[in-house]
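Below: one structure, written as C-alpha cells.
The values are calculated or read from the model by the stated rules, or taken from the named source; none is laboratory data. Nothing here was measured: the structure is a model prediction, and the numbers come from that model. Backbone-built Cβ (ideal geometry, glycine too); neighbour counts: all protein chains shown.
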Amino acid sequence: MGFQAFLDIAVVALRFLLPVYAVVIIYQCFASMRRHRRPEKPLVTLELKGTSQLIPVLFWENSIGRSKGSDICVEDPTVSRDHCVLLRRQEGWMVSDIGSKSGTFVNGKRTKDRTQVLIDDEITVGSTTFVLKRGDEFQDEIRPSWFFSKASNKGSLQQYKLMLLITFFHLFMTVEACFTNDVQDFTPFIVFVGLEALLWMFFFVSTVVLRRINFELEALASFLTGIGIILLVRQEMRSAYVQMISAAIGMILFCIIVKFIENPDRVNNWRMAIMIGAVGLLVINLVFGSVQHGAQNWIQIGPISVQPSEFVKIAYIFVGAAALDKLQTKRNFLEFIVFSAICVGALAIMGDFGTALIFFTTFLLIAFMRSGDFKTVLLALVSVAFAGFMILNIKPYIAQRFASWGHVWEYAQDATYQQARTLTYIASGGLCGVGVGNGYLKYIFASESDLVFGILSEEMGVIVSFAVAISLVALAFYARAITTRSRSTFYSISACCAAGLMIIQSSLNIFGATDLLPLTGVTLPFISAGGSSMISCWGLLAFIKAADERTYAAKRLKPHREK
Amino acid sequence: MKRIMTRSIFVLVVTLAFFAGVCLLAFRLLTQNEMWVQQPYNGHVASSSGLAQAGDITDRNGEILAHTDANEDRIYHSDEAVRKALLHVVGDNSLNISTAVQSTYRGDLTGYSFIFGLGMPNSLRTNNSLQLTVDAQACKAAYEALGNKKGACVVYNYKTGEVLVDVSTPTYDPQNPPEINEDNEDKYDGVYLDNVVSSSYTPGSIFKIITAAAAIDNVPDIYEQTFTCTGAYDIDGQKITCEDAHGTIDLETAFSHSCNVAFAQMAVQVGEEKMTETATKMGFNKEFEVSGITLSKSVYSLENALGDNQLAWSGIGQFEDLANPMHMAIMCGGIAKGGTPVTPYLLDSESSLFSKAKESEQMLSADTAKKLQDLMRKTADYYYNARGLTMGGLNFCAKTGTAEVGKDKEPTGWIVGYTEDENHPYAFAVAVEEGGYGISAAGPVAQAAISALVNK
C-alpha cells in the first residue's frame, strides 16, 4: 500500500513536471532564435555623386526606383518606378536592370544582365549617379525588429544542452509509455533508443560535419517529431517505426534542400524542371492513385504507400519564390499561376479537399507577397476562379461535413463521431493528461493523424498540446522576422510561405478535429503519423532554415562559443 | 526587400487568425469541459471500473442508494424493492440508462476536474457524493403499487420543485442485472427507458383539462352552455361515443363525469387554431429540461386531422395526442401555483445553486388556473373520494383518464393532479400501460406514493 501510494505520487509528479518541461524547451528554442545575430549595420553605402549624402544599403537584395516602396527611393522623374536591383552574391555586389525605360549604367556602360559593381564604381539610373562605398562609413543607428532580443542580452542555452533537454523529455515520455494502465513492458525503450540515436546523429552531422553554428530550428522540429513517435508506441508500434524512418528521410531531405538552395540563382535555372517533375507526380497520382477514405491521393508501391501531394508542397514553394530581380518578370509570374491552377485542379479531381485548400491559401500567400501593381487584378480573378472551381468539386461527403459542422453533439453517433470523441477526450485529459498510452482516443479511426491534437491533449494534457500550437505560431513569427535579413527574397518568400503553409495545415487539423472548422483530414506538422507528411514537413522547414542568414555564414572551425 | 517585409504581413494575419482560433478553443474548453467529459462513450468513465471511485448517492433522507465499498464494487440500496424502484433514477454500472444520475453525472461522481482530468491514480482522486431529492420509501411504495404493470409514477413538490417520486416500470435489480436475451425480451421491453421522462403516452380524458382551459379562454358563455349527451354524438358523419348517457349537463358536470360528447363539442367550438394555441401554451410540443435531462415531448398536432371529427377526438385526448408523465405533473403544478409552474429538479445541490425555486414559462392566466382548480377539486371531492381514493387524507384536485390505444390492447390508465396542503404540496402524474380505468389502475399508485410521503 505504502509503495503503491509512493508510486502513484511519483507518476503524478512526473505528469505535472512534463508540461512545465515542454514549455521550457519551446521557450529555449525561441530564445535561441531571437538572439541577435549581427549588429544592424549597412552592408555597403551608396554615395550620391556630387554631394556627400550617404544612403545605407541594408539588405542583400535592394530595389532601386522612384516608387515609395523601393528599398532605395530615388526622387528623380527620369527613373522608373521599379528601376533596378542591387544585390549581393558570393561573387560580390551586382546590379540588375528590371525593365527600366532609361536603362542602368555601371561606370557609364549600359548593363544587360547582372553586372558586377566594385567599391568606388559608379551606378547611374536616369540622371542620378551613385558611388558604391563601404558599409562602415555610415554611422547612424538602425533599430532592429522587435522580434530579436538586444545584443547585450545574455546568450541562450548552448545547442547540445538544448538537445539534452529534449532527450530527457522524450525519456520521461518513454517511461510513462512503459508503465501504462493496461500494459507494462519496456518495448517503448527500443523506439526511444532508435529515436535518440537518430536525433543525435542529425545533431552531429549538422554541427560537426556541416559545421552549422545554429541548431534551434532543427531542435524544435526534433522535439515535436519525437513526441509524435513516442505517442505512437502504444497505439501502433509499426507506425512508430515507419515514422522514425520517415523522419530520417526528412532530415536528409532537409540537408539536401538547404544545400541545393544555397545559391538562389541556381534554383531559378531548375525552376522549370521542378515544375514538370511536380506536375508529373500529380499525373502519376491521378492515373495510378488508389482511393483511401474518399480521396484518391495515394500511390501504392509494393508495401509502401506514399502521398505525392505532400512532396508537391515543397515544389510549390520552390516555384512560388524567386530572387528580387526575377520576381517582377511577367513570365516567371504567369508560370507560377499556371502551375498553381494545375496543382489545385489535380487535387480537386482527386477529392483531396484539405490539401487543395492548403494549396489555395498558400497560393494567396505567395501571390500577395510577390504581386506588383498591375498583377493584383489578375490575381484576384484567378483566386475567384479557383474558389469557384473548388466549390463545384465539393464531393457529397465533403458537403456532409459542412452540414454537420458546428453541430458536434447532435450527430455525435454518426457524422461528427470523431470530433465529439476528440472533444471528450481533450477534456478528459485535464491540464496534465492521463499519461502516454492511457488514452482512449487512440482507438478511434484515423486518430493518429487527423485527431492527433486530441491524443496529444488527452495523454499529455492541454498545456503541452497548446504549447505545441503556440510554438507553431512562434515559428511563423520567426519566419517573418528574418524576412529582411535573408540573403535573397527567394528565401524570405519561401520561408514565410512555408511557415504560412504549416499554420494553415495546423489550423485545418486542430480546428477540424475540434469542430471549429469542418473536418478535412490533413496532418499536424511533425506530430501526426504519416510518412509522406513527415518528410514534407522537414522539407518545408529547410526553407525557413535557409532564410536565416547564419545558415550560410562563414563556417567556423572551432565550436561556436557564446559571450 | 522592404516591400516583401510589408507584404509578409499577410502571413502574420494568417498566424494571428490561427492564434485566435487556439484561444477560442481554449475558451470553449474552459467553459464546456464538464459537458464534453460527461458523454456515455467516454472510456475513462464508462469502462467496467468506471464507478470504482464514484461517490455515494443518497436520497433526501440520507438513505444510501449507491456507494462503492472497499473492494471497489458498487453496492446499491439494501432493499431490493427500493433498488428496483429507483433503477431509472440512480442507474446501474452500465451506461444503458442514459438519463440516470450514474450516467449523466458520472464525471461528477468520479471526481472529474479540469485540472486533474480523469487520469489521476485512484488513490489520489477525490470523488463527489450526490444527494437526490427523491424519497426512497415513497418510490418503493409506488413501485409496489404498480406491480407487474408497465408505467410511470412521478410526484414533485410544486412549490420547491423537488422531485420526490420517480418510478418507471419495467425495471430490474441493478445489483444483479439480468441477461436480456430472446426469451425474456418482452418482459424487459423498454427497460432502459425512464418512462417518467423518456416516454409519451396517449392522454385520454386527462386532456380534458386542456380542452376546458381552451374553452374557458375562448368561449365567453361556456359556463352558461349546456350539452346533451345520449351516449353518442355525430360529428362529420362519425360517432363520438361516451361511457354513459349523461343527459343535459354543464361544463362542471361534464368535467367531473368526463363526458366525451360535451368535450368533443367544446373542442369543435374552440376550433383547431385556439386548441393548438392553448395546448402549446400548456407545454405540448415543447421541450422541457429537468436536471439536464430533456423530456420526451408531449404532442398535440392537428396537421393530419381530416375534419371536425378528428378535432373532436383530439379534444378528448385521443387522435394523435401524446402526453409525457413528467410534463403532466409540471402542468398540474402550474395549475396549483396559479398558472406558472416551478421547474422540477432531481439533484439536491441544484437548490443551493439557484437559491430559489426556478419558475418556468407561464402556462395559464391566474383566472383560468383558478377555474381549472375548481373543476379538478370538485371532480376529486364528489367523484374520486366516493370511489375510495384518498391521498394520505389530504384535499386534492385531480383528473383521471382512460386512453384507448388500439383494439387488442387494454387502455392506458392515467391520473394527474395535486394535493392542496401547506406542508405537502405535491403535483403528481401516473400512467399505467394496459391498466384499464384510470381510477382503478393509476389512482392507487398515486395514493400509495403520496400516503408514503405524508405518513413519514
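Flag set for B:Thr241, criterion: β-branched (Val, Ile, Thr) and free of Cβ contacts under 8 Å to residues at least 24 places away in the same chain. A search for C-beta distances below 9 Å between a residue of the range A:191-202 that is within 15 Å of A:Ile252 (Cβ to Cβ) and any residue that is surrounded by fewer than 23 Cβ atoms within 10 Å (Cβ to Cβ) and β-branched (Val, Ile, Thr), counting only pairs 6+ apart in sequence or on different chains, returns A:Leu199/A:Thr167. Take the conditions (1) out of contact with any Pro (no Cβ under 7 Å at 6 or more places or on another chain); (2) farther than 30 Å from A:Thr551 by Cα; A:Leu281 misses just one of them, which is (1). Checked against (1) part of a loop (DSSP other than H, G, I, E, B); (2) over 30 Å from A:Ala219 (Cα atoms); (3) away from chain B (no Cβ under 14 Å), A:Ser67 meets all criteria but (3).
Looking only at residues in the range A:448-463 that are small (Gly, Ala, Ser) and buried (at least 24 other Cβ atoms within 10 Å of the Cβ), the one that is nearest to A:Val522 (Cα to Cα) is A:Gly454.
Pairing each residue of the range A:357-371 that is at the interface with chain B (Cβ under 8 Å from one of its Cβ atoms) with any residue that is surrounded by fewer than 24 Cβ atoms within 10 Å (Cβ to Cβ) and hydroxyl-bearing (Ser, Thr, Tyr), provided the two are 6+ apart or on different chains, yields C-beta distances under 9 Å for A:Leu364/A:Ser383; A:Phe368/A:Thr376.
None of B:Ala305, B:Ala279, B:Ala245, B:Ala232 is among the small types (Gly, Ala, Ser) and under 29 Å from B:Pro341 (Cα atoms) except B:Ala279.
Listed by position, the helices (runs of 4 or more DSSP H) enclosed by the range B:1-120 that each have at least 1 residues that are hydroxyl-bearing (Ser, Thr, Tyr) and under 30 Å from A:Ile510 (Cβ atoms) are B:2-7, B:9-37, B:101-104. For the residues A:Tyr417, A:Tyr440, the requirement of being more than 27 Å from the chain's Cα centre (by Cα), modelled with pLDDT of 85 or more and over 30 Å from A:Ile299 (Cα atoms) singles out A:Tyr440. If I ask for residues that are under 22 Å from B:Thr171 (Cα atoms), touching a helix residue (DSSP H, G or I) at 6+ places or on another chain (Cβ under 8 Å) and among the β-branched types (Val, Ile, Thr), which ones from the range B:36-86 would you list? B:Ile57, B:Val82 - these are the residues of the range B:36-86 that are under 22 Å from B:Thr171 (Cα atoms), touching a helix residue (DSSP H, G or I) at 6+ places or on another chain (Cβ under 8 Å) and among the β-branched types (Val, Ile, Thr). Hey, any hits in the range B:64-71 for a residue that's more than 10 Å from every other protein chain (Cβ to nearest Cβ) and under 19 Å from B:Gly292 (Cβ atoms)? Among the residues of the range B:64-71, at least one is more than 10 Å from every other protein chain (Cβ to nearest Cβ) and under 19 Å from B:Gly292 (Cβ atoms), which makes the answer yes. Residues in the range A:320-356 that are surrounded by fewer than 22 Cβ atoms within 10 Å (Cβ to Cβ) and among the hydrophobic types (A, V, I, L, M, F, W, C): A:Phe333, A:Leu334, A:Phe336, A:Ile337, A:Val338, A:Ala341, A:Ile342, A:Ile349. When you scan the range A:42-64, how many residues do you find that are under 17 Å from A:Thr124 (Cα atoms) and assigned to a loop (DSSP other than H, G, I, E, B)? Going through the range A:42-64 one residue at a time, the tally reaches 5.
Do the conditions hold for A:Ile55, that is, is it of a type in the set (Val, Ile, Thr), buried (at least 19 other Cβ atoms within 10 Å of the Cβ), over 30 Å from A:Glu459 (Cα atoms) and at pLDDT 85 or above? Criteria met by A:Ile55. Scan the range B:136-145 for residues that are surrounded by fewer than 24 Cβ atoms within 10 Å (Cβ to Cβ) and under 22 Å from B:Ser291 (Cα atoms) and jot them down. Selection gives B:Gln137 alone. Taken over the range B:1-30, residues that are over 23 Å from A:Ser67 (Cβ atoms) and more than 7 Å from chain A (Cβ to nearest Cβ) amount to 8. Give the residues of the range A:461-486 that are touching a Gly at 6+ places or on another chain (Cβ under 8 Å), within 10 Å of chain B (Cβ to nearest Cβ) and more than 18 Å from A:Ser507 (Cβ to Cβ), sorted by residue number. Within the range A:461-486, just A:Gly461 meets the criteria.
Going by the conditions given, is B:Glu185 modelled with pLDDT under 90, part of a loop (DSSP other than H, G, I, E, B) and more than 24 Å from B:Glu404 (Cβ to Cβ)? For B:Glu185, the condition - modelled with pLDDT under 90, part of a loop (DSSP other than H, G, I, E, B) and more than 24 Å from B:Glu404 (Cβ to Cβ) - is met.
Might you check whether a residue that is within 9 Å of chain A (Cβ to nearest Cβ) and surrounded by fewer than 23 Cβ atoms within 10 Å (Cβ to Cβ) occurs anywhere in the range B:99-111? No, the range B:99-111 has no match at all. Looking at this structure, is A:Gly226 small (Gly, Ala, Ser) and modelled with pLDDT of 90 or more? Judged against the criteria, A:Gly226 is a match.
Kindly evaluate A:Asn269 against the criterion of being surrounded by 21 or more Cβ atoms within 10 Å (Cβ to Cβ) and either among the aromatic types (Phe, Trp, Tyr) or assigned to a helix (DSSP H, G or I) (or both). Answer is no for this residue. When B:Met5, B:Met35, B:Met1 are checked against the criterion of being free of Cβ contacts under 8 Å to residues at least 40 places away in the same chain and touching a strand residue (DSSP E or B) at 6+ places or on another chain (Cβ under 6 Å), B:Met1 stands alone in meeting it. Between B:Asp56, B:Asp92, the distinction of being of a type in the set (Asp, Glu), touching a Pro at 6+ places or on another chain (Cβ under 8 Å), touching a residue at least 60 places away in the same chain (Cβ under 8 Å) and away from chain A (no Cβ under 14 Å) belongs to B:Asp92 only. Annotation for the range B:151-169: no member residue is within 30 Å of B:Glu34 (Cβ to Cβ), within 14 Å of another protein chain (Cβ to nearest Cβ) and surrounded by fewer than 21 Cβ atoms within 10 Å (Cβ to Cβ).
Criterion first (more than 11 Å from chain B (Cβ to nearest Cβ), among the small types (Gly, Ala, Ser), closer than 21 Å to A:Asp352 by Cβ and surrounded by 24 or more Cβ atoms within 10 Å (Cβ to Cβ)) does A:Ala529 satisfy it? Yes, satisfied.
Being more than 29 Å from B:Thr99 (Cβ to Cβ), surrounded by fewer than 23 Cβ atoms within 10 Å (Cβ to Cβ) and not charged (D, E, K, R) holds for only one residue in B:Gly339, B:Gly388, and it is B:Gly388.
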